[in-house]
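**Student:** Let me begin by handing over the structure; questions about it come next.
The values are calculated or read from the model by the stated rules, or taken from the named source; none is laboratory data. Since we're looking at a predicted model, the values are computed, not measured. For neighbour counting, all protein chains shown are included, and Cβ atoms are generated from backbone atoms with ideal geometry for every residue, glycine included. Remember, those area values only see protein heavy atoms, side chains included, never the ligands or the DNA or RNA. Shrake-Rupley method; radii C 1.70, N 1.55, O 1.52, S 1.80 Å.
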Amino acid sequence: MLNPVDTDFIAALERDLPAEAVRPVTPGYLEEPRGAFQGTAGVVVTPGNVEDVATAVRLANQAQVPVVPIAGGTGLVAGQVFPDGPLPMLLSVERMSAIRSVHPSENVLVAEAGAILANVQAAAQEADRLFPLSLASEGSARIGGLLGTNAGGVNVLRYGNARDLCLGLEAVMPDGQIWHGLKRLRKDNTGYDLRNLLIGAEGTLGVITAASLRLYPQPSQTAAAMMSVRDPAGALKLLSRAKQRLGDGITAFELIAGQGLAFLAKTMPQVRLPMDPSHEWLVLIDLGLTQSMNAQNALEELFADAFEAGLVSDGLIAQSETQRQEFWNVRENIPIANKLVGAISSQDISLPLSALPDFIETAYGAINARGSYRINCFGHLGDGNLHFNIFPADGATKADHKGEKPEIQKLLHDLVHQMDGSFSAEHGVGRLKVDDLERYGDPTKLAAMRAIKTALDPNGIMNPGAVLRYSISRFT
Ligand SMILES: Cc1cc2nc3c(=O)[nH]c(=O)nc-3n(C[C@H](O)[C@H](O)[C@H](O)COP(=O)(O)OP(=O)(O)OC[C@H]3O[C@@H](n4cnc5c(N)ncnc54)[C@H](O)[C@@H]3O)c2cc1C
């Protein structure tokens, strides 16, 4: 049974923590980017070091008070907000934002959980290295949240997701014990992998306080191109051709529907569109090369080859870094344009690469058979990850489709499941997708997850209701 934060609990925090680490609750901590959930909290704790995190969690465990870890607050599945239940302690790692050390000869950087991703990237760059995790929220998202959700982003194709970029962790377990796992090793076969359990656990198994992160050499050249393809099958053929020619040099391969550009033209006319929205499908290819090959020439040759093979009909190769950034600006503003148009339902799904064209065709067919909608399908095609978002037809509003969201979501997630895909590719489960995990999750895996949760957090204080359903005294 969990208890709400009360005056005795706050008094214990104030007794054992420095004054600046215990704060009243302010509205910013209770919001999430999509505005679908409103959080609650009884107190906000902002520790400045791992010992203070341990103290706060130990007190919460003793009092059986829920603990909700929060980093940048940009999570899209409401893992960082607690809408109902006994008032929790919000544990924000925002004051633990130091880059503890950089080891260029090892290609390793050690950062605290509150370090903002853009600052970690900058610290790596200062050491002439690359920290390749990159996503549109990088100006706000912090290492603790990025690892907590195992974030993906635009460079997964080449460098992997957050999990692949983490070598070691320091964390506070639900009983308040500190785990000193901040190793900088690439090989360490010493039993169960606690690091990989905590990564992607969305704050349900402990609080990450610091991480040692993998760095890479800076690419000596970068280049980007936008090309129009006939359909997603054509985009996949282009990806395969590009991989054959350029291998790991391809850092990103993004699919963009013309609908996305049309939304941008309508809602954000200040964003310059390099290609015409009348193209039904486009891809954005980004290259990062360390070898002597000229990146711009490589893209020109790829385009010429693909044009001859009938795979692309039009294309633009960035002539400068400014133009490359302009291409990315288009890609990164699509989610904002989506928000301005107002989606009925948004999906973050992944599929085996070869099943993608079939999925897209079947899903478009199924949605169009329901009625009149606009679909904006875009995403990290190279990773098999699509954002498949459904909007009202031109002239209609979300209110005209009231109550349809769960049906549309089920239709699409059922299809993803039939095709051996995932209903959550990179955003996590949080509180938004607990039902989906119960519906589509493998029963053996779910039983193991519940057993792990109960073993590590017998009082159930860590982020109750996220990932696994919380019911009074046990996780179901
Ligand atoms: C504009 C925009 C673009 C985005 N693009 C992408 C994208 O391309 N790819 C992608 O994967 N995501 C994307 N996201 C989602 C989001 O940025 C990521 O999920 C990010 O990893 C969340 O980091 P955060 O610091 O904001 O975490 P928060 O939102 O604060 O927390 C997220 C989860 O992690 C837990 N958590 C927080 N701190 C800790 C900690 N110290 N220890 C343990 N658990 C913790 C929280 O309890 C919560 O469950 C995007 C979001 C926005 C708003």
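**Student:** V65's amide H: which non-local residues (gap 5+, or another chain) put their own amide H closer than 5 Å, with H modeled 1.01 Å from N in plane and none for Pro or chain starts?
**Tutor:** Counting only residues 5 or more places away or on other chains, the set is N3.
**Student:** For the pair T26/Q244, report the inter-label distance in nm, with labels modelled 7 Å from Cα in the Cβ direction.
**Tutor:** 5.7 nm
**Student:** At 0.36 nm per residue, and after removing the present C-alpha to C-alpha distance, how many nm does the segment from I10 to L194 gain when stretched out fully? Walk me through the numbers on the way to the answer.
**Tutor:** Details: separation 184, 0.36 × 184 = 66.24 nm, distance 3.09 nm.
Contour length minus the Cα-Cα distance gives 63.2 nm.
**Student:** For the range 348-387, just run the numbers: alpha carbon Rg, then divide by 2.2 N^0.38 Å, N being how many residues it has.
**Tutor:** Values: Rg = 10.6 Å, N = 40, 2.2 N^0.38 = 8.9 Å.
Compared with the compact-globule rule of thumb, the range 348-387 sits at 1.18.
**Student:** Size of the dipole of the chain about the Cα centre, Lys and Arg at +1 and Asp and Glu at -1 on the beta carbon, nothing else charged, in debye to 20?
**Tutor:** On the way: 40 positive and 52 negative charges, 91 e Å.
The calculated dipole for the chain is roughly 440 debye.
**Student:** How large is ³J(HN,Hα), in whole Hz, for each residue of the range 49-63 in order, when computed from phi with the Karplus curve 6.51 cos²θ - 1.76 cosθ + 1.60 and θ = phi - 60°, using x for Gly and Pro?
**Tutor:** Result, ordered by residue: 7, 5, 5, 5, 4, 4, 4, 5, 5, 4, 4, 5, 5, 4, 8 Hz.
**Student:** Please list, by residue number, every one of the trypsin sites (Lys or Arg not before Pro) in the range 373-476 that is coil in DSSP and has at most 15 other beta-carbon atoms within 10 Å.
**Tutor:** Working: sites: R374, K398, K402, K410, R431, K433, R439, K445, R450, K453, R469, R474; in loops: K402, R431, K433, R469.
Answer by residue number: K402.
**Student:** Can you tell me the order of 6-14, 343-351 when each peptide is scored by its average per-residue count of other Cβ atoms within 10 angstrom, highest first?
**Tutor:** Details: 6-14: 14.7, 343-351: 21.1.
With the highest mean Cβ count within 10 Å placed first, the list reads 343-351, 6-14.
**Student:** Would you mind working out the magnitude of the charge dipole of the range 222-361 relative to its Cα centre, with +1 at each Lys and Arg C-beta and -1 at each Asp and Glu C-beta, to the nearest 20 Debye? If you can, show how the numbers build up before the last one.
**Tutor:** Values: 10 positive and 17 negative charges, 46 e Å.
Dipole size: approximately 220 debye.
**Student:** If you don't mind, there's one more thing I want to ask. If you place +1 on the Cβ of every Lys and Arg and -1 on the Cβ of every Asp and Glu, how big does the dipole about the Cα centre of the range 124-212 come out, in debye to the nearest 20?
**Tutor:** Details: 9 positive and 9 negative charges, 53 e Å.
So the magnitude is around 260 debye.
**Student:** Whole number in Å², please: accessible area per residue of the range 1-73, 1.4 Å probe, ligands, DNA and RNA not counted.
**Tutor:** Numbers: 3240 Å² over 73 residues.
So the range 1-73 comes to 44 Å² accessible per residue, rounded to a whole number.
**Student:** Another question about this same structure. Considering amide H positions built from the backbone, and no H for Pro or chain starts, which residues 5 or more places from N155, or on another chain, come under 5 Å of its amide H?
**Tutor:** When sequence neighbours closer than 5 places are left aside, the close amide H contacts are S134.
**Student:** A follow-up question, please. How large is log10 of I(q)/I(0) for the range 30-88 at q = 0.13, 0.14, 0.20 Å⁻¹ when the intensity is taken from the Debye formula with one equal scatterer per alpha-carbon?
**Tutor:** Computed log10 I(q)/I(0) values: -0.36, -0.41, -0.79.
**Student:** For the range 310-400, with every protein chain kept in place, what is the accessible area per residue (1.4 Å probe, Å²)? Intermediate values should be presented prior to the final figure.
**Tutor:** Details: 3530 Å² over 91 residues.
Here the per-residue accessible area is 39 Å².
**Student:** Right, here's the next one. Keeping to pairs on different chains or 8 or more places apart, tell me how many lysine pairs in the chain have Cα atoms under 15 Å apart. Before the final figure, lay out the partial values.
**Tutor:** Values: K266/K339; K339/K398; K405/K433; K410/K433; K445/K453.
Total qualifying Lys-Lys pairs in the chain comes to 5.
**Student:** Please name whichever of A118, G39, N368 sits farthest to the positive end of the charge dipole of the chain, dipole taken about the Cα centre and charges placed at Cβ: Lys and Arg +1, Asp and Glu -1.
**Tutor:** G39
**Student:** The range 136-177: D in µm²/s via Stokes-Einstein (Kirkwood Rh, Cα pairs, 20 °C, 1.002 mPa s)? Don't skip to the end; give the middle numbers.
**Tutor:** Details: Rh = 11.6 Å.
Answer, rounded: 184 µm²/s.
**Student:** While we're here: How many Å² of accessible area per residue for the range 417-476, probe 1.4 Å? It would help to have the intermediate numbers written out before the result.
**Tutor:** Numbers: 2940 Å² over 60 residues.
On a per-residue basis, the range 417-476 sits at 49 Å².
**Student:** Could I ask something else about it? Find the all-direction average of the projected area of the Cα convex hull for the chain, expressing the result in square nanometres with one decimal place.
**Tutor:** Working: hull surface 89.8 nm².
Averaged projected hull area, Cα only: 22.5 nm².
**Student:** If I compute solvent accessible area with a 1.4 Å probe over the protein chains, what percent of it on the range 29-122 is carbon and sulfur? All intermediate terms of the calculation are to be shown ahead of the outcome.
**Tutor:** Working: 1470 of 3030 Å².
Accessible surface attributable to carbon and sulfur in the range 29-122 totals 49 percent.
**Student:** Further, regarding this structure: What is the ratio of the Cα radius of gyration of the range 165-309 to 2.2 N^0.38 Å, with N the residue count, to two decimals?
**Tutor:** Working: Rg = 21.4 Å, N = 145, 2.2 N^0.38 = 14.6 Å.
Dividing the Cα Rg of the range 165-309 by 2.2 N^0.38 Å gives 1.47.
**Student:** Taking the Cα-to-Cβ direction at N368 and at T444 and moving 7 Å from each Cα, how far apart do the two end points lie in nm?
**Tutor:** 4.1 nm
**Student:** Among the GluC sites (Glu not before Pro) within the range 236-329, which fall in a DSSP loop and have no more than 16 other Cβ atoms within 10 Å of their own Cβ? Walk me through the numbers before you get to the answer.
**Tutor:** On the way: sites: E254, E280, E300, E301, E308, E321, E326; in loops: E280.
Within the range 236-329, the qualifying GluC sites (Glu not before Pro) (loop, at most 16 other Cβ atoms within 10 Å) are E280.
**Student:** Given the options T26, G200, L456, identify the residue whose Cα lies farthest towards the positive end of the charge dipole of the chain (+1 on Cβ of Lys, Arg; -1 on Cβ of Asp, Glu).
**Tutor:** The residue sitting farthest along the positive end of the dipole is L456.
**Student:** Bin all alpha-carbon pair distances of the range 290-419 at 5 Å intervals from 0 and give each bin's fraction as a whole percent.
**Tutor:** All Cα pairs considered, the percentages come to 2, 8, 15, 16, 17, 15, 11, 8, 5, 2, 1, 0.
**Student:** Among G247, G152, A318, whose Cα lies farthest out toward the positive end of the dipole of the chain, if unit charges sit on the beta carbon of Lys, Arg (+1) and Asp, Glu (-1)?
**Tutor:** Projecting each Cα onto the dipole axis, the largest value belongs to G152.
**Student:** Within the range 139-224, report the trypsin sites (Lys or Arg not before Pro) that DSSP leaves as loop and that have at most 11 other Cβ atoms within 10 Å.
**Tutor:** Values: sites: R142, R158, R163, K183, R184, R186, K187, R195, R214; in loops: K183, R184, R186, K187.
Here the sparse-neighbourhood loop sites are R186, K187.
**Student:** Which of the peptides 30-40, 145-155 is most tightly packed, and how do the rest follow, going by the mean number of other Cβ atoms within 10 Å of each residue? List each step's numbers first, then the result.
**Tutor:** Working: 30-40: 16.2, 145-155: 26.6.
Highest-to-lowest ranking by the protection proxy: 145-155, 30-40.
**Student:** ³J(HN,Hα) across the range 340-357 via Karplus (A = 6.51, B = -1.76, C = 1.60, θ = phi - 60°), whole Hz, x for Gly/Pro?
**Tutor:** Computed from phi, the couplings for the range 340-357 are 5, 6, x, 6, 6, 7, 10, 10, 10, 10, 9, 9, x, 3, 6, 8, 4, x Hz.
**Student:** Another question, if that's okay. In deg cm²/dmol and to the nearest 500, what is the mean residue ellipticity at 222 nm of the chain if only DSSP H runs of at least 4 residues count, each as -39500 (n - 2.57), divided by the residue total?
**Tutor:** Numbers: 14 runs with 159 residues, N = 476.
Rounded to the nearest 500, the figure is -10000 deg cm²/dmol.
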